[in-house]
1. Taking a virtual spin label 7 Å from the Cα of Ala45 along the C-beta vector, which residues in region 275-311 bring their backbone nitrogen under 13 Å of it?
2. Is region 136-232 rounded, prolate or oblate when judged by the Cα gyration tensor, a ≥ b ≥ c being the square roots of its eigenvalues, rounded requiring a/c under 1.5 and prolate requiring a/b larger than b/c?
3. If amide H atoms are built 1.01 Å from N in the plane of the peptide, which residues on other chains or at least 5 residues away come under 5 Å of the amide H of Met71?
4. From the backbone phi of region 177-189, what are the Karplus-calculated ³J(HN,Hα) couplings (6.51 cos²θ - 1.76 cosθ + 1.60, θ = phi - 60°) in whole Hz, Gly and Pro given as x?
5. From the phi of every residue in region 151-163, what ³J(HN,Hα) in whole Hz does the Karplus formula 6.51 cos²θ - 1.76 cosθ + 1.60 yield, where θ is phi - 60° and glycine or proline is x?
6. What is the chain's relative contact order, in percent, from Cα pairs under 8 angstrom and six or more apart in sequence?
7. Spin-label point model (7 Å from Cα, Cβ direction): what's the Asn276 to Gln28 distance in nm?
8. Stick to Cα atoms and the Kirkwood definition of Rh, then tell me Rg/Rh for region 52-173.
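The values are calculated or read from the model by the stated rules, or taken from the named source; none is laboratory data. Just so we're clear, the structure is a prediction, and the values are computed from it rather than from any experiment. Don't worry about glycine lacking a Cβ; one is built from the backbone with ideal geometry, like all the others, and counts go over all protein chains shown. Side chains are part of the model used for accessible areas, which takes the heavy atoms of the whole protein and leaves out ligands, DNA and RNA. Shrake-Rupley method; radii C 1.70, N 1.55, O 1.52, S 1.80 Å.
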Amino acid sequence: MMDILGGAGAAAPAGDLIKDVTEATFMQDVVDASMQAPVIVDFWAPWCGPCKTLIPMLEAAVVKAKGAVTMAKINVDENQQLAAALAQQGLPLQSIPTVVGFYQGRPVDLFQGAKPASEIDAFIAKLIDAAGGTADGGLGDALEAAEQMLTDGDVEDAAQTYAAIIGEDDKCAAAYAGLAQAQIALGDVDQAEAVLNGAPAEISDAAEIEAARAQIELARQAENAGPVGELRAKVDADPADHQARFDLAQALHAAGEAEAAVDELLELFRRDREWNEGAAKAQLFTIFEALKANDPVVLNGRRKLSSLIFA
């Protein structure tokens, strides 16, 4: 496993660390790549003066990190559809330069405008620290073991392992998220929420913590979900009954049918994207946040949502 705290032993070639990224390569070079190490995404344009100042400073800082992070440069003029889609999904790209740190497929930090080298170094160090909790002192292996226990249904053992990891590293976001997931699996959503509330403030916005919060929200919805069969019959009887379709999506997700739930929400968004203050899109984002970024349900759902937004 790469030492993402200290970087690789020797500097990787700049061409491997810094790439010009387009809409066609965004998933591979940003989302997928950030599953291994943080990716700094620089949104720039040729006419932007501060961008020309910032880019070489970012590149120098990334090379200095020796592989602990990579950099993706996105020319917003040449990739307007990608920039618009990301803006629709919550990134503040109204002004450039905007620099976004991605980790585990999600944006976890950002800044806008030109910055001095010291602030750029601090930004990168924070991203590396956010990723480093799972690759130090053998905790990475323990996390993998706990995740496997959770997958295999050994929930109590998983919870104990996650708690032990937190005892060794109280800033390990993945361990707090895993312990919360274990509590959800044990049926104690309140305790899951308490676990996350007990996480240190400096990791409260980590990607893993945000994913666990989304899982808690969905678990609470599941407690009040209606019967799938009845809700399906209501939607079939009146396809314009948006509330019934939204309730059906929640019931499907509660039943473990995430892909079907996403399909219903996409159909609701297609019919009336502003219904109930954009509830369909908000629910889609909650589901996407709760799943791993490379989950096919997320990848396909985001693509279909983007197509609807720009239809």
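1. Nothing falls inside the zone, counting backbone N under 13 Å.
2. In terms of gyration-tensor shape, prolate.
3. Close amide H contacts, sequence-distant or interchain: Ile18, Lys19, Ile40.
4. With coefficients 6.51, -1.76 and 1.60, one gets 5, x, 5, 5, 4, 5, 5, 4, 5, 7, x, 10, 5 Hz.
5. Per-residue couplings from phi come out as 4, 7, x, 7, 5, 5, 5, 4, 4, 5, 5, 4, 5 Hz.
6. RCO, the chain: 14 percent.
7. For Asn276 paired with Gln28, the spin-label model returns 4.0 nm.
8. Result: Rg/Rh = 1.08.
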